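Q: Provided herewith is a single structure, encoded as C-alpha cells, for subsequent inquiry.
Only the coordinates and a few stated rules stand behind these numbers; no lab work does. A quick note: this is a predicted structure, and the numbers were derived from the prediction, not measured. Glycine gets a Cβ as well: all are built from the backbone with ideal geometry, and neighbour counts include every protein chain shown.
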2 protein chains.
Amino acid sequence: MSRLDQQMAFLTEVDRLKSVLRATTLCDGSRMENSAEHSWHIALYALVLAEHAETPLDTAKVIKMLLLHDLVEIDAGDAPVFGTHDTEALAVQEQAAAIRIFGLLPDDQAQAFRALWDEFEANESPEAQFAKSIDRMQPPMQNLASGGGSWIDYDVTQNMFETRIGPKINTGAPKIWAWLQPKVAAFFAGRG
Amino acid sequence: MSRLDQQMAFLTEVDRLKSVLRATTLCDGSRMENSAEHSWHIALYALVLAEHAETPLDTAKVIKMLLLHDLVEIDAGDAPVFGTHDTEALAVQEQAAAIRIFGLLPDDQAQAFRALWDEFEANESPEAQFAKSIDRMQPPMQNLASGGGSWIDYDVTQNMFETRIGPKINTGAPKIWAWLQPKVAAFFAGRG
C-alpha cells in the first residue's frame, strides 16, 4: 500500500465514529449526539474558549487532540459518564482500539497521533487538561439547553454533578467552571 | 452579556449544524451525513493529508477554516454540488448568515472567524485552496465506499464528475486528485 492508500484507509475507517451514539442529546433534544459531531463541536469550543485557560495554550494542539480523542470509541464504544462500566476492561479495549485504528496510518503519523491521544489521556499537560475540561463541559451545556437531557436519563443530582464532573472541568478551565456552576445549580434548584 | 455569555451563546447556536443534512451518506450508506460530522471528518482529512499540498501549509489555519466553513448552512442550508440552486440568492443568504452567526461572538472573535471564512470562500491562499480541495474530495470518498451514494441520486456521470469536481480537487491538491481520479474512473467504468 502507498502512503496515500494507508491514509485514505484510515480516513474511511474513522467514518464509523459518526455511528457511535453518546448519552447526550442535541441542544434541541431531537436525538442523541454522535461522537463525530461531538468532536467537531468541542474542537470549536476549544477554538473559542482557549483564551480562558490559566496558562497560554498551544490551541492547535488542543484542537488536534479533540479531533482524535474519541476515535477509540469506534471499537470500544462510548461509556456514559454517569453509567456503570468496568473501568479496567474499558481501558484494555481502548488500548487495543488505539493500536488498531492509529495503526492504519503510516508509522510516523500513527506514532504522532498516538502520542497526542496518550497526552490527552494522561491529563497532565496544560493542553490535555484544558481539552479534558472542555470535553466535560459540553454535555452540561447540551443538557441546560435541552431541559435536562442525560441528567434526567441517569437520575443525576446536583451533588453527583458537582462531585463527579465539576472538579474535572475546574482542573483545566476554572474560569469556565465558575461561569457554568451557578447555571447548573439553578437548573437543579428549579427541579426542587 | 459577558464575553463568556456571548461565546457560549455562539457555541450553543452552532449545535444546529448537526441537523443540516448533506446529499452524501455515511460510508456504510446507512443515512445522510450532517454538516457538523462532515466538518469533523474533513478537519481530520486536513490533518492527515496536509503533507501532500504543493507548498508547505499552515495546517492549523486549514483546520480552523474547515471547522467553520459550513456554519452559514445553519441559516442557508446545504446546496448539493450536483443539485440546482440560485447561486446569487444563495450567496446573499450565506452572507446574511455569516453576519448573524459570527455576530454572536465578541467583536474581535467575530472578525477573526469571519476573516477565516472569507479567506476560505475567496479560494486564493494555499490554505484556502487546500481546504476547498479536501472539502470536494471527501464526498467522492464516501460515494466510493457506499457504492455510489449521491452520484446515483443525482445521475452523475464520469464526465460530469471530471468536469465539475475534478478541477476543483486538482487546484489545491493535485497529488490527491491523481490518486483519486483512477478510482472514480473505475467506479463509473464498472457501471457501464
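Q: Averaged over its residues, how many other protein chain Cβ atoms are within 10 Å of peptide A:44-56's Cβ atoms?
A: Per residue, the average neighbour count from other chains is 4.
Q: Which three extents, in whole angstrom, do the alpha-carbon atoms of chain B cover along their principal axes, largest first?
A: 60, 35, 31
Q: Another question about this same structure. Using 7 Å Cα-to-Cβ label points, what is the A:SER19/A:ARG100 separation (nm, one decimal)?
A: 1.3 nm
Q: I'd like the projected area of the protein assembly as shown, averaged over all directions, using the convex hull of its alpha carbons. Report it in nm² with one decimal.
A: Projected over every direction and averaged, the Cα hull of the protein assembly as shown covers 18.8 nm².
Q: Any idea what the A:ARG191 label distances to the other copies are, label 7 Å down the Cα→Cβ vector, nm, shortest first?
A: Spacings between copies for this position, smallest first, are 5.0 nm.
Q: Where in the range B:49-66 does the amide nitrogen come within less than 19 Å of the point 7 Å from the Cα of B:ALA178, taken along Cα to Cβ?
A: Residues passing the 19 Å test: B:49-57.
Q: Turning to a different aspect of this structure: Find the relative contact order for chain B and round it to a whole percent, using C-alpha pairs within less than 8 Å whose residues are 6+ positions apart.
A: Worked out over chain B, it gives 25 percent.
Q: Related question: Sequence gap of 8 or more, or different chains, plus Cα separation below 22 Å: how many lysine pairs satisfy both in the range B:3-191?
A: Within the range B:3-191, the lysine pair count is 12.
Q: Here's another thing I want to ask about it. Only helical DSSP H runs with n ≥ 4 go in: add -39500 (n - 2.57) per run for the protein assembly as shown, normalise by residue count and round the 222 nm mean residue ellipticity to 500 deg cm²/dmol.
A: Calculated mean residue ellipticity at 222 nm is -20500 deg cm²/dmol.
Q: Can you give the average number of partner chain beta-carbon atoms within 10 Å of each beta-carbon in peptide B:6-15, as a whole number?
A: That average works out to 6.
Q: Taking A:ASP75 in one copy and the same position in all the others, each labelled 7 Å out along Cα→Cβ, what are the pairwise distances from the first, in nm, shortest first?
A: For A:ASP75, the other copies' label points sit at 4.5 nm, shortest first.
Q: Sticking with this one: Provide an ascending nm list, one decimal, of label-point separations from B:PRO174 to the equivalent residue in each further copy; define each label point as 7 Å from Cα along Cα→Cβ.
A: 5.4
Q: In addition: Need one value for B:30-42: mean number of C-beta atoms belonging to other chains within 10 Å of its residues' C-beta atoms.
A: 6
Q: Using modelled backbone amide H atoms (1.01 Å from N, in-plane), which distant-in-sequence or interchain residues come within less than 5 Å of B:ASP58's amide H?
A: When sequence neighbours closer than 5 places are left aside, there are no close amide H contacts.
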